[in-house]
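**Q** Attaching a single structure in structure tokens format; questions to follow.
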Amino acid sequence: MRTILFIVFCLICFQQSWSQKSKEIFVEYSEFFDVDEDLYPDAILLTGNVRVSHDGAVMFCNKAYLFKKENYIKAFGDVRMIQGDTITMTSTYAEYNGENKQAYASGNVVMSSPSSTLKTEVLNFDRNAQQAFYKTGGTITDKENTLVSQAGTYMIQRKMYQFRNAVTITNPKYIIKTNHLDYYENVGHAYLFGPSTITSEANYIYTEKGFYDTKKNFSHFVKNSYIKYNNRLIEGDSLYYDRNREFASATRNVKVTDSINNSIVKGHYGEVYKLKDSLMMTKRAVAMTLVEQDTLYIHGKKLIVTGKPQNRVVRAFNNVRFFKIDMSGKCDSLHSDEKTGITKLIKNPVMWNFDNQMTGDIMHLISNKETEKLDSLKVLNNTFIASKDTIGTGYNQVKGLNLYGKFRDNKLYEVDVVKNTEVIYYMRNENQELIGINKSKSSSINMTLDGNQIDTLTFIKQIEGEIYPEAELPENARKLRGFVWRGDERIKTKEDIFPPEENEYDEQMKIEKAAEDAIESVPMEVRKETLEGKETEEDKKKKKDS
């Protein structure tokens, strides 16, 4: 019984050792066999239409030295190696080790798969890992692209290339340059790591981490990225770009710079349609325009900029607020036309010029189209100007149907209030002592301003008027009908243009940014999935609408 068990054990060991032993390189055909002990001891020289095979791969060449003991072969002249129906490699010289299934090829090396072709001077091919790699410069071509790099690895089963050093993808529509790129040939997905650029006739893109679908022509960039058109620069923590539609969207810390109009639009979500010359910004959106040596800030729940550079139209919606050093205001919506130079404050407008509060049903700011300076102001229907008395608790007030103002150096210096005008004005001498309170009615009024002070006040066709000593004019008579002081709403700084709920976006964005920074510690293979990303709901809706 023990003898039988011993024999069975020996048979099992023999079978295991036989199965673990590497297969030998098999010579299928050669016109001549010879041995050259002087040049290659222990080698068989094969010449003429040589064909050998090993574990699913076949090699052809003109001449070969086969080392039987080492299970190793060196091939010369028109070398061709075929692995199944997936890989064909040609070269002028090759070596192959049957023990570890490692191949080495040099001289005009070409490796072809059903979807791409790799050309290089020296290539190593690991059949166990199904990987080929080069360090001497290589060129890969597929149906859409030509890829060039100094070093690269081809992972056959995953159909993925890893490129390093001086990587360039050339496509009929663009050129990508980077030092680290992973490319999946079957789907055309390219992952960019480190400083990378994408150049085309339409724009210039920079990123330090991004994803590009070379077949569908859309991309997603997530680190230090921007898109530059001829006159616009789009920046954001996360950029999505669709080349087919020339559409770009950006999320978190978005900034769009217009170099022609000296303007910047910021927010936490933005969309740009290049072909439509349109920009939309939401989530703490603000448009900033250089006016002389000052900057005009405009905020709305949604900002839309449309039209070519010289015909820009800026529209702001819902709870619009604006600010510059000497002027600020509020309204429900705003419409500013670069071509006409007219900015319309629509629905419940209020504007402060220094300490002067102006209200009316309709308010227009008009710019000189040549100098781009503020030229004039129109306030139509139910015009009201008010300011606090410089010392006391009263209010200077001017009321009428319409107002027409003139600007000099972007400062309001002259105002005409016409039709059924009324005035309450606190008159003071040079020592700021109150002389009396002027209460008058006239056909129209002309005022000149010096900064925040009324310099002169001229009544035209005065109907009635009287200067009252302070004690003789009751408190209830010191306010004109319809007067409402809105000083607590006044926007005094550029930060005041944002209502409290808009400021919450900043805190939310900071939390999201911190979370994404934490992803940097995750292995790169895992992080690739986040690069492809998903279109936002806004993106999907826009794509569906288009």
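**Q** For the range 215-255, divide the Cα radius of gyration by the Kirkwood radius and give the resulting Rg/Rh value with two decimals.
**A** Working: Rg = 9.9 Å, Rh = 10.4 Å.
Expressed as Rg/Rh, it is 0.95.
**Q** If you don't mind, there's one more thing I want to ask. What list of ³J(HN,Hα) values in whole Hz, one per residue of the range 269-274 in order, does the Karplus curve 6.51 cos²θ - 1.76 cosθ + 1.60 (θ = phi - 60°) give from phi, with Gly and Pro shown as x?
**A** 8, x, 9, 10, 10, 5
**Q** Express in whole angstrom the spacing between the alpha-carbon centres of the range 117-150 and the range 362-400.
**A** 71
**Q** Sticking with this structure for a sec: Kirkwood Rh over Cα pairs of the chain into Stokes-Einstein at 10 °C, 1.306 mPa s: D in µm²/s?
**A** On the way: Rh = 30.0 Å.
Rounded, D is 53 µm²/s.
**Q** Which three extents, in angstrom, do the Cα atoms of the range 101-152 have along their principal axes, listed largest first?
**A** 32, 22, 16 Å, listed from the longest principal axis down.
**Q** Here's another thing I want to ask about it. When all alpha-carbon pairs of the range 316-418 are counted, what percent fall beyond 22 Å?
**A** Values: 1399 of 5253 pairs.
Percentage above 22 Å: 27.
**Q** How large is ³J(HN,Hα), in whole Hz, for each residue of the range 348-360 in order, when computed from phi with the Karplus curve 6.51 cos²θ - 1.76 cosθ + 1.60 and θ = phi - 60°, using x for Gly and Pro?
**A** Going residue by residue, I get 6, x, 9, 9, 10, 10, 6, 9, 8, 9, 10, 9, x Hz, with x marking Gly and Pro.
**Q** Classify the range 28-70 as rounded, prolate or oblate from the Cα gyration tensor: take a ≥ b ≥ c as the square roots of its eigenvalues, call it rounded if a/c is under 1.5, otherwise prolate when a/b beats b/c and oblate if not.
**A** On the way: a/c = 2.74, a/b = 1.42, b/c = 1.93.
Since a/c reaches 1.5 but b/c is at least a/b, the shape of the range 28-70 is classed as oblate.
**Q** OK, next. Quick check for me: using +1 on Lys/Arg Cβ and -1 on Asp/Glu Cβ, what's the dipole size of the chain about its Cα centre, in debye to the nearest 20? Show your work: numbers first, answer last.
**A** Numbers: 75 positive and 76 negative charges, 252 e Å.
So the magnitude is around 1220 debye.
**Q** Excluding GLN150 itself, what net charge comes from residues whose Cβ is under 10 Å from its Cβ, given Lys and Arg +1 and Asp and Glu -1? Spell out each step's value before the answer.
**A** Values: positive: LYS135, ARG164; negative: none.
Once positives and negatives cancel, what remains is +2.
**Q** Another question about this same structure. Quick one: compute the contact order of the range 233-320, relative version, from alpha carbon pairs under 8 angstrom and 6+ residues apart, as a percent.
**A** So the answer I get is 19 percent.
**Q** Wrap a convex hull around the Cα atoms of the range 241-327, take a quarter of its surface area, and give that in square nanometres.
**A** Numbers: hull surface 23.3 nm².
Quarter of the Cα hull surface area: 5.8 nm².
**Q** If you add up the charges near VAL417, with Lys and Arg at +1 and Asp and Glu at -1, over every other residue whose beta carbon is less than 15 angstrom from its beta carbon, what do you get?
**A** Working: positive: LYS378, LYS399, LYS406, LYS419, LYS441, LYS461; negative: ASP361, GLU414, ASP416, GLU422.
Local net charge: +2.
**Q** For the chain, with every protein chain kept in place, what is the accessible area per residue (1.4 Å probe, Å²)? The partial results should precede the final answer.
**A** On the way: 28170 Å² over 546 residues.
About 52 Å² of surface per residue is accessible.
**Q** Over the range 52-198, what portion of Cα pair distances is larger than 18 Å, expressed as a whole percent? Walk me through the intermediate numbers first.
**A** Values: 5935 of 10731 pairs.
Tail fraction, whole percent: 55.
**Q** Okay, moving on. In percent, what relative contact order does the chain have, based on Cα pairs under 8 Å that are 6 or more apart in sequence?
**A** On the way: 1373 pairs, mean separation 27.1, N = 546.
Reported relative contact order: 5 percent.
**Q** Let me ask something else about it. Taking just the C-alpha trace of the range 115-244, give me its Rg and Dmax in Å.
**A** 14.9, 53
**Q** Take each of the peptides 352-360, 121-129, average the number of other beta-carbon atoms within 10 Å over its residues, and list them starting from the highest.
**A** Values: 352-360: 20.8, 121-129: 17.7.
Listed from highest to lowest mean packing, they are 352-360, 121-129.
**Q** Using amide H atoms built 1.01 Å from N in the peptide plane, name the residues 5+ places from ILE325, or on other chains, whose amide H lies under 5 Å from its own.
**A** Excluding prolines and chain starts, which carry no amide H, the hits are THR295.
**Q** How large is log10 I(q)/I(0) at q = 0.14, 0.15, 0.22, 0.25 Å⁻¹ when the Debye formula is applied to the Cα atoms of the range 231-277, each weighted equally and without solvent?
**A** Values returned for q = 0.14, 0.15, 0.22, 0.25 Å⁻¹ are -0.30, -0.35, -0.73, -0.90.
**Q** Would you please put 278-289, 251-262 in order of how densely packed they are, using the mean number of other Cβ atoms within 10 angstrom per residue and starting with the highest?
**A** Working: 278-289: 21.5, 251-262: 18.4.
Packing proxy ranking, top to bottom: 278-289, 251-262.
**Q** Using only helices, what value at 222 nm comes out for the chain when you add -39,500 (n - 2.57) per DSSP H run of length 4 or more and divide by the total residues, to the nearest 500 deg cm²/dmol? Walk me through the intermediate numbers first.
**A** On the way: 4 runs with 57 residues, N = 546.
So the calculated ellipticity at 222 nm is -3500 deg cm²/dmol.
**Q** Follow-up. Starting from 0 in steps of 10 Å, tell me what percent of the Cα-Cα pairs of the range 173-230 lands in each bin.
**A** Pairs per bin, as whole percents: 25, 60, 15, 0.
**Q** Please work out the C-alpha center-to-center distance from the range 36-109 to the range 409-465 and express it in whole Å.
**A** If we compute the Cα centre of each part, the gap is 103 Å.
**Q** Rounded, prolate or oblate: which fits the range 382-454 when a ≥ b ≥ c are the square roots of the eigenvalues of the alpha-carbon gyration tensor, with rounded for a/c under 1.5 and prolate only if a/b beats b/c? Present the calculation step by step, with values, prior to reporting the outcome.
**A** Working: a/c = 2.15, a/b = 1.24, b/c = 1.74.
In terms of gyration-tensor shape, oblate.
**Q** Kindly identify the range 180-317 as rounded, prolate or oblate by the Cα gyration tensor criterion: order the square roots of the eigenvalues as a ≥ b ≥ c, call it rounded if a/c is under 1.5, otherwise compare a/b with b/c, prolate if a/b is larger, else oblate. The partial results should precede the final answer.
**A** Values: a/c = 2.20, a/b = 2.02, b/c = 1.09.
Prolate, since a/c reaches 1.5 and a/b exceeds b/c.
The values are calculated or read from the model by the stated rules, or taken from the named source; none is laboratory data. Worth saying up front: this structure is predicted, and the values here are computed from it rather than measured. All Cβ positions, glycine included, derive from the backbone under ideal geometry; neighbour counts span all protein chains shown. Accessible surface is based on the protein model in full, side chains and every heavy atom, while ligands, DNA and RNA are left aside. Shrake-Rupley method; radii C 1.70, N 1.55, O 1.52, S 1.80 Å.
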